[in-house]
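The values are calculated or read from the model by the stated rules, or taken from the named source; none is laboratory data. Keep in mind the model is a prediction, meaning the values are calculated, not measured. All Cβ positions, glycine included, derive from the backbone under ideal geometry; neighbour counts span all protein chains shown.
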Amino acid sequence: MNQRPFLRSFTAPAALCALGFVAAMAAVLQYSLRAYVPGSLDPGGFTLANFADLLKPLYARVFLDTVGICALTAIATLLVGYPLAYALVRIAHPLLKSALLVVVVTPLFLGEVVRTYAWIIVLGNNGFINSLLRGLGLIDQPIQLMFTTFGVVVALVHVTLPVLVIMLAAALSHIDRDYQRAAESLGAGPIRVFLTVTLPLSMPGVIAGVTTAFAWTFSAFATPQLIGGGRVNMISNLVYQLGFASFNFPFAAALCVAGLALTITVLAILRQAAKPFENIGAH
Amino acid sequence: MTPRSTYQRMLGWGGRCVVSLILAFLLLPAIVVTIAAFNDKAILSFPPQAWSWRWFARALDYPDFREGFHNGLIVTAWASTIALMVGAMFAFVIDRYSFPLKRAIEGVLVSPLVIPHFTVGLGFLILAAQIGWSRGFAVVIACHVILVLPFVLRSVYVSLRNLDQSFEQAAASLGATPLRVLLTVTLPLLLPGLVSGWLFAAILSFNEFTASLFVTSQRTQTLPVAMYNYVREFADPSMAALSVMYIVATAALIAFANAFLGLGKVLNIEQSE
Amino acid sequence: MPGQSEAAVRFDAVTKRFGDVVALDDVSLDIGRGEFMTLLGPSGCGKTTLLRLAAGFLGPDAGSIAIDGKCVNQLPTYKREIGMMFQNYALFPHMSVADNIAYGLKTRHVPRQECRKRVGDVLALVKLAGMEDRRPRQLSGGQQQRVALARALVINPTVLLLDEPFSALDKNLRAAMQVELREIQRTLGLTTIFVTHDQSEALSLSDRMAVMSEGKIRQLGTPLEVYRTPRDRFVASFVGDTNRLRGRLVSVDATGAVIALGAARMKVPAEPFSGRGASSAVDLFVRPEQLRLVNSAEPCAMTGRIAAQVYQGGHVDLQIDCSGHDRLLLRSAGDQALMRWPLGTEVGIAIDAEGCTAFPAE
């Protein structure tokens, strides 16, 4: 009798999916190495020209902007999300906790378009913020928030917040309360307890959260597209424009490959940063 | 009723203020969009001068939205079900057995978590073009399966890890074949994990936008893509109305899931204390 | 001096509720300087709650708590001068042993040189010299224990609080640690509150012990007092092994009450029987070492049959079935009992005339 029943039959579909995905990624890689034939959907012969073009200042700038936006978003999300995650874990009242959890989790399931759209109404020249400031008499002319990097980052932070809060809350909740009590019993006030015990012990969760925030933000498209409106471009927007406006799929593919290399590099760096914290929490 | 110094009390109130501000930030768009949806005028201004339900009616009538909804349901139903079957089966073999290529396949299937959706979308678009696959539902479904598979895998894997194998061993000792054990013992015990995995996959697939933008065509447009196209052309509050319906439906679903499944447990947030 | 209390820790009419449950009901307790006080009781009796009130993790609903004469009801934990040992040690995993121990010194702004010296001294005291740079996860259970103790001791606390610190250790290690703790505590003259559910631990360590159940202190006294003269049936049955037998009240006077069981007559304290009439039913509590086996023909309290022999190395526990009573437990030193009273033998039970306790039957 087979000691490992179902092994083949259960693995086959997954292997098939994996193969399909690899094929799709290989297709991207392949296209990135082929020439762009203007006016045609089919690519030309093999060339490295696409990657050479990437080094042009125009595109290099988009790369830097993207990294900048992702980093800024990740850090801002962390600063805003940590107190929220902490509150989520510390609140004792079950109803309040459930309500908070629902409020934090729901945006996660709304999809990019709905959330970005809502921000358009908030940030627009006739939108919420400007109307409020006008109504209070604080400004005469509307402040330009749409089509700015600031607007894009604010919306991106809002989009990334739930996932970071959830990961951080999970990590925080697993820190034994007794550590805090022990610190208090030794004379540590609340700030010292947080800085010397809670924060260090939450570092693995923090790094995991920041890593995820970075990867998610890098993948964002609708938010920079709709709020950036063409003036704030991330790699995602560029890929779309090249593919669907110019039909320059080879170059779009090259951008994807380069973007992937970038993500992997950043994630590897973050992984290294996590190493010293890996053994914390082991009892 | 822990004794607190004045300093601690002040910190506590300061903390509450900060968290309230953050919550206000979190809720601001939803509230603003809801108010805007009731605006009688066609322009996207704030605050509304007059109130009306008409944008809700328009949103529900708009053919592109209806088609998008319909297409979305088709794609999601297929994608999450396929992903559940493939993911559950593979999670089973990952948990129980070791074999060559296990880590490799697992790595490939989990990688969409860090690969941007626009890359995945572009990949499937190019692949379809190269092998002569028509841009119908099949491509979209395949793309979605790949995107939601990591979540299904993780959900089912965690359930399997928490499953006490002694139940299956007891069944085997009583003479049940592996298949019978699987169907009568393992599957029923895994049900909560499978259901939450499916639900998670379905919601993610239904709302997926970026990759769908690349692989859908005019004919197979899903709802998020339809909404995106609408926003680019029109500036009336129909989208706001649609968003409100979206928000209400999702919040209700989440609250429901929390009441019955306990969101905290699903998200691995410890409940004690 | 009027108004100056001798007590290092004083609980005054303390009440604590959790929702509908009353965890502590009007509890008062004085703990003297340098005293080793054990709070003993089953889970849910309120002993841990009382400890947490002393630590400041909880505040009382009624009553007051004073440390060194000062009321601390409103004083948060980090301002109290306490040293605490937790059940799972709570050693900070991200710090070395030295940093763990120095933590309490750093919060008190002790200069670095002095820190280092004091850490070294206290590590020597707990016999872990040289372990400064290890991490908690590299230490065995017993070693982690000692570090936790060192961390609490190095700050010279006013009172040492211990929350079932030995429950995770195996028997031999536990016994060794108990002895060491007591020696250190005596040397330093440290006021100590020790919480446990293990009555043999309480008996062996304490200067005084408070036996608690359902939020109240049932008896407060030295281990000898509590063991020899339990004040109520709960204490009689919770502390030490005991046999409960049904007897009859014969007479009561100022010197004591006389209980009859079979042909035996036992003298017990009179307090529980004030106002009771002769011949009323009585629950007699007899320790295993107060029973003796005699030939079944001789006059005795009752007869029975040897049901089991439990060999314990230094002594033998005999379990005896007697009709009309629960199974009896009798302790016999050495191992002669194995031969002398084999399984199934008919025996007579004799009870020591003095030293038992009894309470009116329920």
A careful count of residues in segment C:42-66 that are at positive phi and either in contact (Cβ under 8 Å) with a residue 60 or more places away in the chain or assigned to a loop (DSSP other than H, G, I, E, B) (or both) gives 3
Within segment B:117-145, residues being within 11 Å of chain A (Cβ to nearest Cβ) and hydroxyl-bearing (Ser, Thr, Tyr) number 1
Result of the Cβ filter at 7 Å on segment C:262-277, keeping first residues that are β-branched (Val, Ile, Thr) and partners that are assigned to a strand (DSSP E or B), at least 6 apart or interchain, is C:VAL268/C:GLY256; C:VAL268/C:ALA257; C:VAL268/C:ILE259; C:VAL268/C:THR357; C:VAL268/C:ALA358
(1) at pLDDT 95 or above; (2) touching a Lys or Arg at 6+ places or on another chain (Cβ under 7 Å) all hold for C:ILE193 apart from (2)
If we take segment C:144-233, then strands (runs of 3 or more DSSP E) inside it with 2 or more residues that are touching a Phe, Trp or Tyr at 6+ places or on another chain (Cβ under 8 Å) and at negative phi are C:159-163, C:191-196, C:208-213
Query raised in the report: Does at least one position in segment B:46-56 carry a residue that is at pLDDT below 90 and at the interface with chain A (Cβ under 8 Å from one of its Cβ atoms)?
Result: yes
Of those in segment A:125-175 that are surrounded by 20 or more Cβ atoms within 10 Å (Cβ to Cβ) and among the hydroxyl-bearing types (Ser, Thr, Tyr), the residue nearest to A:LEU79 (Cα to Cα) is A:THR160
| assigned to a strand (DSSP E or B), modelled with pLDDT of 85 or more and either more than 30 Å from C:ALA202 (Cβ to Cβ) or touching a Pro at 6+ places or on another chain (Cβ under 6 Å) (or both), is that true of C:ARG244? | no
Given (1) under 30 Å from C:GLY104 (Cα atoms); (2) more than 11 Å from chain B (Cβ to nearest Cβ); (3) not in a loop (DSSP other than H, G, I, E, B), A:PHE150 misses just (1)
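Yes/no matrix, rows are residues, columns are (1) acidic (Asp, Glu); (2) closer than 27 Å to A:ILE121 by Cα; (3) touching a residue at least 24 places away in the same chain (Cβ under 8 Å); (4) assigned to a helix (DSSP H, G or I):
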position: B:LEU189; (1), (2), (3), (4): no, no, yes, yes
position: B:PRO192; (1), (2), (3), (4): no, no, yes, yes
position: B:SER196; (1), (2), (3), (4): no, no, yes, yes
position: B:ALA202; (1), (2), (3), (4): no, no, yes, yes
position: B:VAL225; (1), (2), (3), (4): no, yes, yes, yes
position: B:ALA255; (1), (2), (3), (4): no, yes, no, yes
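Here's the yes/no breakdown for (1) in contact (Cβ under 8 Å) with a residue 24 or more places away in the chain; (2) closer than 19 Å to A:ALA253 by Cβ:
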site: B:HIS117; (1), (2): yes, yes
site: B:VAL120; (1), (2): yes, yes
site: B:GLN130; (1), (2): no, yes
site: B:TRP133; (1), (2): no, yes
site: B:VAL139; (1), (2): yes, yes
site: B:CYS143; (1), (2): yes, yes
site: B:VAL148; (1), (2): yes, no
site: B:VAL152; (1), (2): yes, no
C:GLN87: passes all of (1) facing chain A (nearest Cβ under 9 Å); (2) part of a loop (DSSP other than H, G, I, E, B); (3) without any contact (Cβ under 8 Å) to a residue 60 or more places away in the chain but (3)
A careful count of residues in segment B:135-166 that are touching a Ser or Thr at 6+ places or on another chain (Cβ under 8 Å) and surrounded by fewer than 16 Cβ atoms within 10 Å (Cβ to Cβ) gives 1
The residue from C:ALA337, C:ALA333, C:ALA350 that alone is touching a strand residue (DSSP E or B) at 6+ places or on another chain (Cβ under 9 Å), exposed (fewer than 12 other Cβ atoms within 10 Å of the Cβ) and among the aliphatic types (A, V, I, L, M) is C:ALA333
Kindly check whether there is at least one residue in segment A:199-222 that is of a type in the set (Ser, Thr, Tyr) and within 14 Å of chain C (Cβ to nearest Cβ). yes
The lone condition B:PHE200 fails out of (1) closer than 26 Å to A:ALA14 by Cβ; (2) at pLDDT 85 or above; (3) within 11 Å of another protein chain (Cβ to nearest Cβ) is (2)
If you check A:GLY230 against the conditions, is it surrounded by fewer than 21 Cβ atoms within 10 Å (Cβ to Cβ), away from chain C (no Cβ under 14 Å), over 27 Å from B:MET10 (Cβ atoms) and among the small types (Gly, Ala, Ser)? yes
The residue from B:PHE234, B:PHE214, B:PHE206 that alone is exposed (fewer than 15 other Cβ atoms within 10 Å of the Cβ) and within 13 Å of chain A (Cβ to nearest Cβ) is B:PHE234
Qualifying residue in segment B:171-193 (condition: of a type outside the set (A, V, I, L, M, F, W, C) and either under 14 Å from the mean Cα position of the chain (by Cα) or under 27 Å from A:GLY111 (Cβ atoms) (or both)):
yes
Exactly one of A:ALA87, A:ALA92, A:ALA76, A:ALA118 is more than 8 Å from chain B (Cβ to nearest Cβ) and either over 24 Å from A:LEU262 (Cβ atoms) or surrounded by fewer than 19 Cβ atoms within 10 Å (Cβ to Cβ) (or both), and that one is A:ALA76
The residue that is nearest to C:ILE82 (Cα to Cα), considering only those in segment C:149-158 that are within 11 Å of chain A (Cβ to nearest Cβ) and of a type in the set (Val, Ile, Thr), is C:ILE155
Turns out the helices (runs of 4 or more DSSP H) fully within segment B:15-118 with at least 2 residues that are within 29 Å of A:ALA213 (Cα to Cα) and in contact with a helix residue (DSSP H, G or I) (Cβ under 6 Å, 6 or more places away or on another chain) are B:63-96, B:102-110
Filtering segment C:1-41 down to residues that are in a loop (DSSP other than H, G, I, E, B) and over 17 Å from C:LEU190 (Cβ atoms) yields C:MET1, C:PRO2, C:GLY3, C:GLN4, C:SER5, C:GLY19, C:ASP20, C:GLY41
The residue that is surrounded by the fewest Cβ atoms within 10 Å (Cβ to Cβ), considering only those in segment C:268-306 that are of a type in the set (Gly, Ala, Ser) and part of a strand (DSSP E or B), is C:ALA281
Residues of segment A:248-267 being surrounded by fewer than 18 Cβ atoms within 10 Å (Cβ to Cβ) and within 7 Å of another protein chain (Cβ to nearest Cβ), in sequence order, are A:LEU267
task = May I ask you to verify whether C:LEU188 is hydrophobic (A, V, I, L, M, F, W, C) and either under 15 Å from C:PHE86 (Cα atoms) or in contact with a helix residue (DSSP H, G or I) (Cβ under 6 Å, 6 or more places away or on another chain) (or both)?
result = no
Within segment B:154-179, the count of residues that are over 20 Å from B:VAL195 (Cα atoms), among the aliphatic types (A, V, I, L, M) and in a helix (DSSP H, G or I) comes to 4
Within segment C:89-107, the residues that are out of contact with any helix residue (DSSP H, G or I) (no Cβ under 6 Å at 6 or more places or on another chain), farther than 10 Å from C:ILE155 by Cβ and of a type in the set (Gly, Ala, Ser) are C:SER96
